[in-house]
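Chemist: Take this structure, written in structure tokens, and hold onto it; I'll ask about it next.
The values are calculated or read from the model by the stated rules, or taken from the named source; none is laboratory data. Please read these numbers as outputs of a predicted model, since none were measured by experiment. When we count neighbours, we look across all protein chains shown, and the Cβ atoms used for this are built from the backbone with ideal geometry, even at glycine. These area figures cover heavy atoms from the full protein model, side chains too; ligands, DNA and RNA do not enter into them. Shrake-Rupley method; radii C 1.70, N 1.55, O 1.52, S 1.80 Å.
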Amino acid sequence: MSKVLLAPLDPVHDIGLKMIARGLGQAGHETVLLPPDLTPEEIVRQTLEQGAETLLVSRTLGYGVAELLARFIDLADAAGLRAKTRIGIGGMAVRRELAAELGFDAGFGPGTTVEEVRCFVERRDYVPDPTRSNKEKADMTAGYDYRYRHAGIAGKLAKISAMIEDWARVRTSPGVERARLRDELWDAERWRAREGDGTLYEHYPALCGEVPQRYYATGELHPKTRRFTKEEVAGLESYLAETKARMSVLKLQHSRRRPLVFNQYGTGCPFLDIGHILASEAWGADGVVHFDPSWGARTEGFLDGFLTHQEDGTVITPANLNRIGAGRERSTLWQVRAHRGLNTPETVVLAAKLGADLTKINICYGALGAGTDPERLTVDGYQAILYAKKYGLPFDVVTNEELAGVPAYKAFAGMLIVADLAVRLGARPILQPLFAYSPEVMIHGLMEDNYVDFNAAKVLALRGIVNAPIWPGAPIGFLTHTEDRVQSAMATALHACLGAALEVDAISIASTDEAYSGGPISVPAKVDTLRAVQEGFRFLGQAGIAPTPAADAAAAKLVAEIEGVLDAVIKEGDFVAALHAGALGSREEGAYPGRAGKDTVRTVG
Amino acid sequence: MNKALEQVMDALDVETFFVCDSEEAGRKYMLGLLKEFGFKDVDVVFAQYEGPGVRVRGRAYVYRPADRYRWLLGGTAEGAGV
């Protein structure tokens, strides 16, 4: 136990000192908190008279304050105080380096814990609280039984799922065949041990498109990619080792358990991605989502090797995914999206074998909003779901066709069809409504007063239909963001608070570069929104956000409209035909059945 | 390249308020400033003009994806933006 004098040099602010005094007192130290109106001379005299081993002064730094503090230290030196007493300074804007420059023995800035100050008083080295990095990986599907609360919709979905199953189980495609090869012939552990790829590449290139075929035949890469050099790979390994040694991760949710917070990466370069992921984890992201380039979704087959890409989207190869996945923190959930293109089932297999925690599959969005032929994506999506089940990989069912103009009720009907099919096949889907200022919202004035009601209505509608996890995305607040980073971070934080108030399981957030299209997303832009969300959650705590009665009315309308869409699909009698016919989004609404992979499906057995 | 710039992960943003009479003038000041600092890969991310002047954020990419990052490699790599 030692004696500690705490002296506010600030004429007003001494709350921080009071908190520290209480903490030190609880730790068994004798603390004396001096009143806030003493002169430096009086503080020095009292410290000498009381024989304190430690003096802690607080002062908000501002114009001219550094000089005042330097004079205080001179005075303490002249009085012989420093021979026995160590002096620390704390307050807003205090930095350790500045404190040292001014002659203090320690400096304590905002966010200082009692433990840090206690270590100074007890002359021990401060070791950051290990609980800061004690985040555990969470399964957001745990606790959901997927029971329907709406019997009418349940019955209709059962009919549609049976329709899809009967149709898809007797069909295959090059994508399905590649996934089968990856599943059966490729052993990730042997590959990691540099024991090769088995016999995979004896069969694989024949099932690929032109670019991968050329790569496997001649080694020629996609024009915007290059291999990393050995020097770069060695540099990455030391960077990772050094950074990991000092890493800890924040928890953003304050007093809540959820929502988990995800952000995306996909700069094009796996090394830059790793840098972005480490920063995201440190600032509190619970999960990260892999974005691949748009040409990847339209290319039959994957390239191989450790590749960097000059444009948006990081190329999916075993080496890229492996290094990115292995670099993440133990608690970080990792999602690799499979939802939209010609490699959907193989992405699920590859991601699962390389340790991904989640994937993303939606036949309707991929076929109507992402350019893949509906027939092809129905077959590939069906098989992808089977692989997701086999590897225990939950997946979200995204509804981004809303961004093209498809009304929410149609996008939701498509999402529920895929989710129902997944549950019947034994998989664990997660519903992903958009929190967005979508074209439908703009045209019909659904958010003229606020951004709360219609987003809340989506969650209420889905909860009224089925007991399933909900993960709004992607990102929340889509089309509300501007290039102004304050506005953008604020928009994200408010939508995050709405998600928290609605008790959703997870959210995907943007960076403050969301609306900026002039270049890659920068790492500070990611930190901006994570900080904003953290502050939002701190503000909200266990309190709520109350939607107006309009939310319940909109939810009821959505449910009725979803039922109508399901009726239309059943009436069509063929799911693929229903996609083409516009039942789940028409051309007039901005949904265009894709053409990538057209005429590549064949029947089997 | 300056030692501190070598440690920039990707981009350097500069935010300020220019006293000027239009958004266009503010954008020009920002791009000019970033070029004067020696950056080549520059842009204005955001600008908002009101009567007293423009609130503006400029960006200089020190590295783009697929560049060779000095924070990873030490002093041997070539940066793209400076």
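Chemist: I'd like the accessible area for A:Arg123: 1.4 Å probe, protein heavy atoms, all chains in place, Å² to the nearest 10.
Modeler: In the full protein context, A:Arg123 sits at about 150 Å².
Chemist: Could you provide, to the nearest whole Å², the per residue accessible area of the range A:151-555 with probe 1.4 Å?
Modeler: 33 Å²
Chemist: What does DSSP give for the protein assembly as shown in terms of the percent of beta bridges that are antiparallel, rounded to the nearest 5?
Modeler: Close to 35 percent.
Chemist: Assuming 1.002 mPa s and 20 °C, estimate D for chain A with Stokes-Einstein, Rh taken as the Kirkwood radius over Cα pairs, in µm²/s.
Modeler: 80 µm²/s
Chemist: Still on this structure, please answer the following. From the P(r) of the range A:507-582, could you give the percentage of C-alpha pairs in the tail past 17 Å?
Modeler: Value for the range A:507-582 (Cα pairs over 17 Å): 70 percent.
Chemist: So, one more: When the Karplus curve 6.51 cos²θ - 1.76 cosθ + 1.60 is applied with θ = phi - 60°, which whole-Hz ³J(HN,Hα) does each residue of the range A:584-601 get, with x for Gly and Pro?
Modeler: So the Karplus estimates, Gly and Pro as x, are 9, x, 9, 4, 4, 8, x, 9, 10, x, x, 10, 4, x, 5, 6, 10, 8 Hz.
Chemist: With no solvent and one point per C-alpha, what does the Debye sum give as log10 I(q)/I(0) for the range A:321-469 at q = 0.10, 0.16, 0.19 Å⁻¹?
Modeler: -0.36, -0.86, -1.10
Chemist: Turning to a different aspect of this structure: Any chance you could run the full-extension gain for A:Gln46 through A:His254? It's 0.36 nm times the residue separation minus the Cα-Cα distance, nm to one decimal.
Modeler: The A:Gln46-A:His254 span can extend by a further 70.9 nm.
Chemist: Report the net charge of residues surrounding A:Arg595, where surrounding means a beta-carbon distance below 10 angstrom and charges are Lys +1, Arg +1, Asp -1, Glu -1.
Modeler: Numbers: positive: A:Arg298, A:Arg376, A:Lys598; negative: A:Asp373, A:Asp599.
Combined, the nearby Lys, Arg, Asp and Glu give +1.
Chemist: Same structure again: Projected area of the range A:470-605, taken from the Cα convex hull and averaged over every viewing direction, in nm²?
Modeler: Reported value for the Cα convex hull: 12.9 nm².
Chemist: Using each residue's phi in the range A:444-455, evaluate 6.51 cos²θ - 1.76 cosθ + 1.60 at θ = phi - 60° and report the 3J(HN,Hα) Karplus result to the nearest Hz, with x for Gly and Pro.
Modeler: Once θ is set to phi - 60°, the couplings for the range A:444-455 become 9, x, 6, 10, 4, 8, 8, 9, 8, 4, 6, 5 Hz.
Chemist: Using only the Cα atoms of the range A:189-258, each taken as one equal point scatterer with no solvent, compute I(q) by the Debye sum, divide by I(0), and report log10 of the ratio at q = 0.16, 0.18, 0.26, 0.28 Å⁻¹.
Modeler: Here log10 of I(q) over I(0) equals -0.86, -0.93, -1.17, -1.17.
Chemist: Between A:Val127 and B:Lys3, what is the label-point separation in nm under the 7 Å Cα-to-beta-carbon projection?
Modeler: Label-label distance for B:Lys3 and A:Val127, simple model: 3.2 nm.
Chemist: For a quick check of understanding: with a 1.4 angstrom probe and all protein chains in place, what accessible area in square angstrom does A:Lys159 have, to the nearest ten?
Modeler: 130 Å²
Chemist: Tell me, in nm to one decimal, what length is gained between A:Asn134 and A:Arg22 on full extension, where the rule is 0.36 nm per residue of separation less the Cα-Cα distance?
Modeler: 37.7 nm
Chemist: Return one whole number: the accessible area per residue of the range B:3-72 in Å², for a 1.4 Å probe. Spell out each step's value before the answer.
Modeler: Working: 3420 Å² over 70 residues.
I get 49 Å² per residue for the range B:3-72.
Chemist: Taking the Cα atoms only, what angle lies between the long axis of helix B:23-36 and the longest principal axis of chain B, rounded to 10 degrees?
Modeler: It is inclined by approximately 30 degrees.
Chemist: Cα centroids of the range A:197-258 and the range A:83-111: how far apart, whole angstrom?
Modeler: Between the Cα centres of the range A:197-258 and the range A:83-111 lies a distance of 44 Å.
Chemist: Output the residues of the range B:5-41 meeting this criterion: accessible area (heavy atoms, 1.4 Å probe) in the chain alone minus accessible area with all protein chains in place is 20 Å² or greater.
Modeler: B:Met9, B:Asp10, B:Glu15
Chemist: Also, I was wondering about something else. Cα-based Rg (one decimal) and Dmax (whole number) for the range A:137-267, in Å?
Modeler: Values for the range A:137-267 (Cα only, Rg and Dmax): 22.8, 61 Å.
Chemist: Something else now. With the Cα gyration tensor of the range A:262-376 in hand, give its eigenvalues times 5 under a square root as the equivalent ellipsoid semi-axes, listed largest first in whole angstrom.
Modeler: Semi-axes, largest first: 23, 15, 13 Å.
Chemist: Could you tell me which of the pairs A:Lys159/A:Lys598; A:Lys137/B:Lys3; A:Lys526/B:Lys35; A:Lys156/A:Lys353; A:Lys526/A:Lys557 are separated by over 32 angstrom between their Cα atoms in the structure shown?
Modeler: A:Lys137/B:Lys3; A:Lys156/A:Lys353; A:Lys526/A:Lys557, as the Cα separations exceed 32 Å there.
Chemist: Rg and Dmax in Å for the range B:3-72, alpha carbons only: what are they?
Modeler: Rg then Dmax for the range B:3-72, in Å: 13.5, 45.
Chemist: Between A:Asp74 and A:Glu220, take the C-beta separation as r, use R0 = 56 Å, and let me know the FRET efficiency to the nearest 0.05. Spell out each step's value before the answer.
Modeler: Numbers: r = 71 Å, r/R0 = 1.27.
Once rounded, the FRET efficiency stands at 0.20.
Chemist: Continuing with the same structure: Once the other residues with Cβ under 14 Å from the Cβ of A:Gln50 are scored (Lys, Arg +1; Asp, Glu -1), what is the net sum?
Modeler: -1
Chemist: Rounded, prolate or oblate for the range A:232-317? Axes are the square roots of the Cα gyration tensor eigenvalues, ordered a ≥ b ≥ c, and the cut-off for rounded is a/c under 1.5.
Modeler: Numbers: a/c = 3.29, a/b = 1.41, b/c = 2.33.
Because a/c hits 1.5 or more and a/b fails to exceed b/c, the range A:232-317 counts as oblate.
Chemist: Further, regarding this structure: By how many nm would the segment from A:Arg227 to A:Leu98 lengthen if fully extended, with 0.36 nm per residue of separation less the alpha-carbon distance?
Modeler: Difference between extended and current length: 42.0 nm.
Chemist: Considering Cα pairs under 8 angstrom that are at least six residues apart, work out the relative contact order of chain B and quote it in whole percent.
Modeler: Contact order relative to length: 35 percent.
Chemist: Could you work out how far the C-alpha centroid of the range A:305-334 sits from that of the range A:508-566, in angstrom?
Modeler: Measuring centre to centre over Cα atoms gives 26 Å.
Chemist: Ignoring ligands and nucleic acids, what accessible area does A:Ser586 show with a 1.4 Å probe (Å², nearest 10)?
Modeler: 20 Å²
Chemist: Now, a different point. Starting from the 7 Å offset along Cα-to-Cβ, what nm value, one decimal, do you get for the label separation of A:Tyr592 and A:Glu67?
Modeler: About 6.8 nm separates the two model spin labels.
Chemist: Related question: Sorting check: for A:181-187, B:52-58, A:2-8, which peptide has the highest mean count of neighbouring beta carbons within 10 Å, and how do the rest follow?
Modeler: A:2-8, B:52-58, A:181-187
Chemist: Between A:Lys571 and A:Ala162, what is the label-to-label distance in nm when each label sits 7 Å out along the Cα-to-Cβ direction?
Modeler: The modelled label-to-label distance comes out at 2.1 nm.
Chemist: Once you have all Cα-Cα distances for the range A:3-127, histogram them in 5 Å bins from zero and send the whole-percent values.
Modeler: 2, 12, 25, 27, 23, 10, 2, 0
Chemist: Now for a separate question. Taking all protein chains together and a probe of 1.4 Å, list A:Met442, A:Met247, A:Met1 from the most accessible to the least accessible.
Modeler: A:Met1, A:Met442, A:Met247
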